[in-house]
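Quick note: the coordinates plus some simple rules give every number you see, no bench work behind them. As the structure is a prediction and not an experimental result, all values here were calculated from the model. Cβ atoms come from the backbone with ideal geometry, glycine included; neighbour counts cover every protein chain shown.
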Amino acid sequence: MTVFIASLFLPKTVHFTLPGTPPRGVASEKARPVGNKVRLDAEKTSLFQPQAVDVATPPHTPTEELKPAFTNEDGIRIPLPPLVTATVPKTRTGAPADRESPTWGGRADQPMSRANSPPPLSLIDQSLHQKAREMGRQGITQPRNFIRSDSQDKVFAHANWTIASADQGNGGLRNAADAAAREGKMGEYTWVGTLGMPTDALQGTQQLQDIEDRLATEHDMLSVFCSDKDFDGHYSHFCKQILWPVFHYQIPDNPKSKAYEDHSWKYYVNLNQAFADKIVKNWKRGDTIWIHDYHLLLVPGMVRKKLPEAKIGFFLHVAFPSSEVFRCLAVRKQLLEGMLGANLIGFQIHEYTRHFLQTCSRLLSAEATPDGLQLEDRFVDTVSLPIGIDPVSLHEHRQEAEVMKWVNIMRERYAGKKLIVARDKLDHVRGVRQKLLSYELFLNKNPEWRGKIVLIQVALSTSEKSELDATVSDIVTRVNSSWANLAYQPVVYLKQDIDYAQYLALLSIADALMITSQREGMNLTSHEYLFCQDGLIGDKKHGSLILSEFTGTASLFGGNELSVNPWDYRACANAIQKALEMDDEEKERRWTKLYEIVSHHTGAHWFSELSSRLDRVYEEQLRRDQTSVPRLSLSALAQQYNKTERRLFILDFEGTLVSWGPVNKIIPVSPQRTLDVLGDLLLDDRNTIYVMSGRRPEELDRLFNRFPNLGLIAENGCFLKDCGSEQWIEMADSAQIRTWKQSVKNILTYYLERTPGAEIEERRCSLIFHYKSAEDYESAMRQATDCASHINDACEEQRVHAIPLDSCVLVEPIDWTKSTAAEKIFADLKANLGPDNKHKSPVDFLMVVGDGREDEKVFKWANALGDDGIVKETVTVSLGTRNTEAKATLTQGVSGVLMTLQKLSGQA
């Protein structure tokens, strides 16, 4: 069995050696390409150059462009495109877990993208493009956007190439997969993804086929190929300009984003379909499919459509926004339905899971439960499980001589100074601007710290060019011009990534790490920082962690970090002061607790927990899938019934034992046939029968007053009346119910005023919003969905939830259900056996019959008793063909239930 791990970028890519350029890794010492620049001397651009101890100016990004050239068959000199601006860590020695480079299609040793960045060229643009081509034939150098790719195709199609570690991609996911495999928690696995480079220049060539074959045979990687146009529209436009802002609470309201949304969606669909096709083509029965992150939201649904029985898991690594933000997407339903193709959907923390469930409830009218979503035909489980780092790999890298060298360099350079470090993407989400302003405020408020503290900010370049870059540079210049001198520089700012050895050394020697993200799914830099503070290299600093409360990591650390609101500059400045002035005992106490959390929530633990959870929910879903739930066998049931002596029946009333009109009306007549069947069963002293209902206690008393030996459950478990008793037991906490009822009534009234013809029914422990008689049923349905979402958002802490049902919304307490009442019945029967029989089961036959979603928990409870061997014979029956926890179905409705019970009563 194979585990497919689908992520946008493969861990490997391809580098080509072109005519006129030295092979990768043997560039001259004076001109080594880095990013889209030339590093004139690799050491001089370092943040921590030892010869520059007395030089206070920050290093600047080199600006000389690499300009190798080659000649095509026509003799035209074509310059290579300039490279991208980001320098990535050396992947041969590791990389930060939070690495995810946004660059694509700009390396000199890879083909150039042929994609026309949308919108497509106008007629005027096309004429300019034609003119540029003519200029090229005359030997005139062309701008990058006007370069023809035909000649490049031929060069790359015959160039030598090597498989290399990819710069871009989800570093945390790769580290977790490697760790899980190393620790034996995952067997054979295959990556599915793109090469992270344009491939139009290679389409139809043997070169591309050879690359695909080698990746598959030597590296267990399946390459997904799509046109450059599809990838550019998917990644650069829909993912980065539409999805990324929305998932991070930044609604894309600028004209550029709106212009791209309509047409870039089709490219997003195309790439997702390419992934799905690749997975389907290579899938075998028994394989597991894991799909990762917001780039591939549609893939689970696409795969499910072609492989209905596949085991599919999906994990979202970024945050999931509230329904108010997500609903702004024009394709919101398609994205949600794509995700719901998975058996299990994972999120970093509970907040994101709750947002997803509420969004599905609101936009798809799906029933959200604490465990997942109950769809019409199946159940989709959800889980909150934070990803972690790989401590074993990190420990090995930290012991490399290169890391120790940089630790010593930094000790010397920053002797006597406190270091606050940070490493962030330079985009609006990461809060670099807020961090620098807070630091500036700290220096203004605390002049005694000037000259004693340095903020080292590593800013990773992004493909987004905005005013943020200039704003951050202005703040850095202002701070340094205010307090810098020849021997001191308050801010060291590097607008490019640093070598991995420098990164580890920086984390090891820092006195504090400062993260001010405005929204972030997790933040594994903080995990790596805490791990590097253990004193293995450098001093045992046990430095402080200043962490934004809007990161997923903040909910994991339990207040042992210094939590800040990035927009509260004064609070951030105070946190810096506290981090610097905290006594050693408190630092060690906080660090110890944080270190324990990081050591437990590792990447290997995350991967193995997700895998085991997927295996479990897949088996449960397969068992209760409507195609696998058999019809109730009357002959088998009769045999089970006849060979047992102590029998317990728990039977739902509405829709199961009786069909009747609107549920908000008092029962008009007694259902005589149902009463006769129950009476016949009660004639056998070996039978104990409880009827469960959503009705009020007084209604059930009126109906069943002829049967004092019949047990009753009212208001879906809030009231219980034992067999032979005349008193009702109030299971629910009446004081708690009174508290939430008033809040819920106000919400229901708000929607009632906007839904003519609807009405509110109040029961002792629940409220029901009925809209079957509404004047505009479609509008009423939308109002009811919003109402349920509103109640679930506002009243979660009051332990109450709203459930959309057929033509109504039921609002009831979470803690008292039909299953809690069933558990008490079973416990009381067991207690009546006496202490000498405490290990025996009070019954050897248990039958539960129901037809609604509220009965599913009772089915699950009863099945568990049977699976654990507590009850000898367990029968759970659901009416109809819907997805259910029950182990058998009856399709004849109420008449089928009554006929079945009547046959059992005749067995006596």
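Numbers below:
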item: Residue order, fewest to most beta carbons within 10 Å, for 414, 352, 249; result: 249, 414, 352
item: Difference of contour (0.36 nm per residue) and Cα-Cα distance, residue 622 to residue 570; result: 13.3 nm
item: Cα-centre dipole for the range 391-601 with unit charges at Cβ (Lys and Arg positive, Asp and Glu negative), debye to 20; result: 480 debye
item: Options 751, 780, 737, ranked by Cα towards positive dipole end of the range 734-813, top entry (Cβ charges); result: 737
item: Peptide ranges 801-808, 724-731 listed from the most packed, as the mean C-beta count within 10 angstrom indicates; result: 801-808, 724-731
item: Loop GluC sites (Glu not before Pro), the range 739-842, which have at most 12 other Cβ atoms in a 10 Å radius of their Cβ (DSSP); result: 753, 775
item: Extended-chain gain in nm, criterion 0.36 nm per residue less alpha-carbon gap, residue 415 and residue 639; result: 72.2 nm
item: Signed unit charges on C-beta, dipole axis of the range 792-839, positive-most listed residue 803, 832, 819; result: 832
item: Rough spin-label spacing in nm, given labels placed 7 Å along Cα→Cβ, for residue 631 and residue 384; result: 4.4 nm
item: For peptides 825-835, 289-299, sequence by mean Cβ density within 10 Å, most packed first; result: 289-299, 825-835
item: FRET efficiency, 1/(1 + (r/R0)^6) with R0 51 Å, evaluated for residue 220 and residue 474 via beta carbons; result: 0.60
item: Length added when fully stretched, residue 709-residue 599, from 0.36 nm per residue minus Cα-Cα; result: 33.8 nm
item: Amide H partners (placed H, <5 Å) of residue 161, local residues excluded; result: 17
item: Residue-wise HN-Hα coupling along the range 367-379, computed from phi with Karplus coefficients 6.51, -1.76, 1.60 (Hz; x: Gly, Pro); result: 7, 8, 10, x, 9, x, 10, 8, 8, 5, 10, 6, 10
item: The range 240-375: radius of gyration and largest Cα-Cα distance (Dmax), Å; result: 14.8, 47
item: Debye intensity ratio in log₁₀ form over the Cα atoms of the range 391-601, taken at each q of 0.08, 0.09, 0.11, 0.15 Å⁻¹; result: -0.25, -0.31, -0.48, -0.95
item: FRET efficiency, 1/(1 + (r/R0)^6) with R0 56 Å, evaluated for residue 578 and residue 778 via beta carbons; result: 0.50
item: Hypothetical label at residue 540: residues of the range 571-608 whose amide nitrogen lies under 18 Å (7 Å Cα-Cβ projection); result: 583-597, 599
item: Inter-label distance, nm, simple model (7 Å from Cα along the C-beta direction), residue 482/residue 285; result: 7.0 nm
item: Around residue 282: net Lys/Arg minus Asp/Glu count, Cβ-Cβ under 13 Å; result: 0
item: Packing-based ranking, highest mean first, of 858-864, 483-489 given that Cβ atoms within 10 Å are counted; result: 858-864, 483-489
item: Loop-located trypsin sites (Lys or Arg not before Pro) in the range 691-799, at most 10 other Cβ atoms within 10 Å (DSSP); result: 706
item: Karplus (6.51, -1.76, 1.60) ³J(HN,Hα), θ = phi - 60°, over the range 434-447, in Hz, Gly and Pro reported as x; result: 4, 5, 5, 5, 5, 5, 4, 5, 4, 5, 5, 7, 10, x
item: Relative exposure of 781, 410, judged by other C-beta atoms within 10 Å (fewest first); result: 781, 410
